[in-house]
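Here, each number is a calculation from the coordinates, and none is a lab measurement. These figures come from a predicted structure and were not determined experimentally. We place every Cβ from the backbone using ideal geometry, glycine too, and count neighbours over all the protein chains shown.
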2 protein chains.
Amino acid sequence: MVYTVGEMAKLLGVTASTLRYYDKEGLLPFVERSSGGIRMFQESDIEWLQVIGCMKKAGMSIKDIRRYIEMALQGDDTITLRLAMFQRQRQVLQQQLEVLRHTMEMVDYKCWYYETAQKAGTVAVPQEMDLAQVPERFRRIRQELRSMPEQPTEQD
Amino acid sequence: MVYTVGEMAKLLGVTASTLRYYDKEGLLPFVERSSGGIRMFQESDIEWLQVIGCMKKAGMSIKDIRRYIEMALQGDDTITLRLAMFQRQRQVLQQQLEVLRHTMEMVDYKCWYYETAQKAGTVAVPQEMDLAQVPERFRRIRQELRSMPEQPTEQD
DNA sequence: TCTTGACTTGAAGTGTGCTTTAAGTTGTAG
DNA sequence: CTACAACTTAAAGCACACTTCAAGTCAAGA
């Protein structure tokens with residue numbers, strides 16, 4: 001079973017022009033063409049596209065994804081490089097996860113803050129509340145919001 | 001203690017022009033000026049800036065952040081709106097967390113894949129390995145990568 | 001008072017990731 | 001054979017979040 005760009009786009013939930021753009025950027029060198037120049041996606045190309053999708057979700061740039069694709073097409077000589085790439089990506093995701101958890105804490109705190117304000121009719125109540133009266137799980141983030149940010153220790 | 005734009009920028013780990021840009025976009029209406037027009041950040045402005053930072057981390061646009069700031073300056077009438085905003089944002093973060101976890105699974109699988117390839121000297125080994133020989137925790141994601149994506153159920 | 005570094009603004013420039021447009025080609029159904 | 005939807009390309013356009021530039025102003029120390 002082969003697919004045109006439009007069919008594959010529908011299948012993946014993206015637009016056809018996105019796939020054409022990826023192709024132009026060198027992300028789809030594995031896609032074959034008909035004698036007339038029409039792209040013919042194979043069933044087996046889906047795995048490539050899924051991996052590209054995941055890498056995008058991981059925040060990788062088009063350029064970096066292309067580098068990976070190029071390596072993969074070069075064959076077994078680049079296995080170690082590709083492994084290193086994914087190991088690095090795992091670290092990046094770990095960091096993103098931490099940031100997200102921290103952000104979630106802030107949002108949870110703000111939800112509590114405005115729920116409390118709503119009950120009282122004014123933000124003055126949560127705003128000026130004694131730390132001791134603030135639910136224990138929000139105390140740390142409240143203190144943090146009111147002081148300086150953790151300087152992001154630039155460790156590459 | 002008051003700070004100039006450069007001092008505050010240093011404190012927050014951003015550039016001064018970023019803060020000026022935020023100001024221009026209406027994110028910092030609370031910042032006062034000297035008679036000569038120099039921005040004078042107050043100690044108490046730090047909380048605003050921290051919240052702005054968190055909202056950006058949560059993926060909110062400058063426009064949406066401005067709407068929040070505007071509401072906050074309007075006073076207690078907008079408490080319910082602001083609460084709704086953060087509740088919505090919590091949902092968004094939950095989704096992001098799920099996507100991130102899924103991406104992490106893929107990256108873990110790819111790490112295993114290339115570690116296995118490295119040991120064998122060829123990607124053929126992990127690529128053609130029987131599902132039964134693939135470590136149990138990677139089986140699901142492997143199957144998923146090789147078939148169609150979950151159609152993202154558009155639920156707002 | 002003068003110098004100097006940091007501040008001010010508006011406007012233009014940058015990088016990323018698409019999206020749209022225009023002009024033309026392909027391939028299938030009738 | 002024709003019609004027509006879907007494909008092709010190059011190039012321009014867009015949204016976003018800054019960043020840089022140019023020209024000028026402010027304010028603290030010598």
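Here are the numbers for this structure:
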| quantity | calculated |
| --- | --- |
| Shape call, the protein assembly as shown: gyration tensor on alpha carbons, a/c limit 1.5 | prolate |
| Size of charge dipole - chain B - debye, nearest 20, with Cβ of Lys, Arg +1 and Asp, Glu -1, no other charges | 300 |
| Approximate spin-label separation A:E47-A:T4, in nm, with each point projected 7 Å along Cα-to-Cβ | 2.8 |
| Fluctuation leader among A:Q94, A:Q50, A:Q143 - chain A, Gaussian network, Cα springs under 10 angstrom | A:Q143 |
| MRE, 222 nm, helices only [DSSP H, n ≥ 4, -39500 (n - 2.57), over the protein assembly as shown, to nearest 500] | -21000 deg cm²/dmol |
| For region A:111-128, Karplus couplings with θ = phi - 60° (6.51, -1.76, 1.60), whole Hz, Gly/Pro x | 5, 4, 4, 7, 5, 5, 4, 4, 4, 7, x, 7, 6, 4, 4, x, 5, 9 |
| Nearest-first distances (nm) between copies at B:K24, label 7 Å from Cα via Cβ | 2.9 |
| Lysines with Cα under 17 Å of A:K119, excluding same-chain neighbours fewer than 8 positions away | A:K110 |
| Most positive-pole-ward Cα, A:A124, A:L97, A:L145, against dipole of region A:90-145 from beta carbon charges | A:L97 |
| Length added when fully stretched, B:R33-B:R20, from 0.36 nm per residue minus Cα-Cα | 3.4 nm |
| Derived scalar couplings ³J(HN,Hα) [region A:54-70; Karplus, 6.51 cos²θ - 1.76 cosθ + 1.60; whole Hz; x for Gly, Pro] | 5, 5, 5, 4, 6, x, 6, 7, 3, 4, 5, 5, 4, 4, 4, 4, 4 |
| Under the Karplus curve 6.51 cos²θ - 1.76 cosθ + 1.60, θ = phi - 60°, whole-Hz ³J(HN,Hα) for region A:85-102, x wherever Gly or Pro sits | 4, 6, 5, 4, 4, 4, 4, 4, 5, 4, 4, 4, 4, 5, 4, 4, 4, 5 |
| Label 7 Å beyond Cα on the Cβ vector: A:Q74 copy-to-copy distances, nm | 5.7 |
| Length-normalised contact order for chain B - Cα pairs under 8 Å, 6+ apart - percent | 13 |
| Extension reserve of the A:I62-A:T80 stretch, reckoned as 0.36 nm per residue once the Cα distance is removed | 4.4 nm |
| Cross-link partners of B:K56 among aspartates and glutamates (Cα-Cα below 12 Å; sequence separation of 8 or more within a chain) | B:D64 |
| Residue closest to axis [chain A; rotation mapping onto B; Cβ; Å] | A:L100, 3 |
